[in-house]
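Inspection log for the structure reproduced underneath, given as structure tokens.
Here, each number is a calculation from the coordinates, and none is a lab measurement. For clarity, every value in this text was computed on a predicted model and none was experimentally measured. Cβ placement follows ideal geometry from the backbone for every residue including glycine, while neighbour counts extend to all protein chains displayed.
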Amino acid sequence: GQSLEQPSEVTAVEGAIVQINCTYQTSGFYGLSWYQQHDGGAPTFLSYNALDGLEETGRFSSFLSRSDSYGYLLLQELQMKDSASYFCASGGATNKLIFGTGTLLAVQP
Amino acid sequence: DGGITQSPKYLFRKEGQNVTLSCEQNLNHDAMYWYRQDPGQGLRLIYYSQIVNDFQKGDIAEGYSVSREKKESFPLTVTSAQKNPTAFYLCASSILGQGNEKLFFGSGTQLSVL
């Protein structure tokens, strides 16, 4: 089976850096994706890691360690608009994308 | 503009009633998905389809049915057998459905029971 675990909530202040962790158990791991979802809205794709290491996209970076079954999303220079839920997701041998439990990020002024 | 359209935005179901949620995409994507999201929780996969006239059950398919008669359309029916249907339903699509792709989501349908 597949499961992805994340902290339920994270709080940080504007301008700070925050890290959202994701640990996974999957059969036939194909990589780790990250999605952002504002309250009541649709999830939007942020990043994807197929290989170990860090991927950087503007203020957002994502890291993957296959040997540790672990990844994280790093958000820098936090802005109020970054307040949202963040989900890691992984596909596997079954060709379906399974989402993690989600982390609610609250950015405070 | 290309995208995924879900309708209606809000839907109410009476006891014992079947309801159908619409999902249409003009992105020319082969794969389409239905997810259910309960308040404060993650997305759980209901059904997915990688090609016309074929679909597979996800993790919580009981009480739901789908069809994929056209590449652009993937409607979801919530049957009376689904005893707890109140949730936010999200439709998504991707290019090939290989399990590691970028998903594009619709704006969702909030289903409530009267």
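Mind checking the mean number of beta-carbon atoms from other chains within 10 Å of the Cβ atoms in B:103-110?
Taking the mean over all residues of the peptide, I get 4.
Note down the relative contact order for chain A as a percent, whole number, built from C-alpha pairs under 8 angstrom at least six residues apart.
Averaging sequence separation for qualifying contacts and normalising by length gives 37 percent for chain A.
So for chain B, what are the equivalent ellipsoid semi-axes in whole Å, largest first, each being the square root of 5 times an eigenvalue of the Cα gyration tensor?
22, 14, 13
Quickly rank B:80-89, B:46-55 as a protection proxy: mean count of other C-beta atoms within 10 Å, highest first.
Packing proxy ranking, top to bottom: B:46-55, B:80-89.
Report, ordered by chain and residue number, the lysines lying within cross-link reach of B:K83, taken as a straight Cα distance under 26 Å and ignoring same-chain residues fewer than 8 apart.
Here the lysines satisfying the reach criterion relative to B:K83 are A:K96, B:K9, B:K14, B:K57.
If you take each beta carbon of peptide A:97-103 and count the beta carbons of other chains within 10 angstrom, what is the mean?
6
Of the residues A:F99, A:F60, A:F45, which exhibits the maximal mean-square fluctuation in a Gaussian network model of chain A defined by a 10 Å Cα contact cut-off?
Judging by the Gaussian network model, the answer is A:F45.
Restricting the count to DSSP beta bridges whose residues both fall in chain A, what percent are antiparallel, rounded to a multiple of 5?
90
Which FRET efficiency, nearest 0.05, do B:K70 and A:S67 yield, Cβ-Cβ r, R0 45 Å? Each step should come with its number before you reach the end.
On the way: r = 44 Å, r/R0 = 0.97.
Efficiency, from the Cβ-Cβ distance: 0.55.
Taking just the alpha-carbon atoms of chain A, what radius of gyration and Dmax come out, in angstrom?
Just the Cα atoms of chain A yield Rg and Dmax of 13.3, 43 Å.
Express in nm, to one decimal, how much length is gained between A:E77 and A:E9 on full extension, taking 0.36 nm for each residue of separation and deducting their alpha carbon distance.
Stretched out fully, the A:E77 to A:E9 stretch lengthens by 22.6 nm.
So how long is each side of the protein assembly as shown along the principal axes, counting just the alpha-carbon atoms, biggest first, in Å?
Reported extents, whole Å, longest axis first: 49, 37, 36.
How high is the relative contact order of chain B, in percent, counting Cα pairs under 8 Å that sit 6 or more residues apart?
In percent, rounded to a whole number, it is 35.
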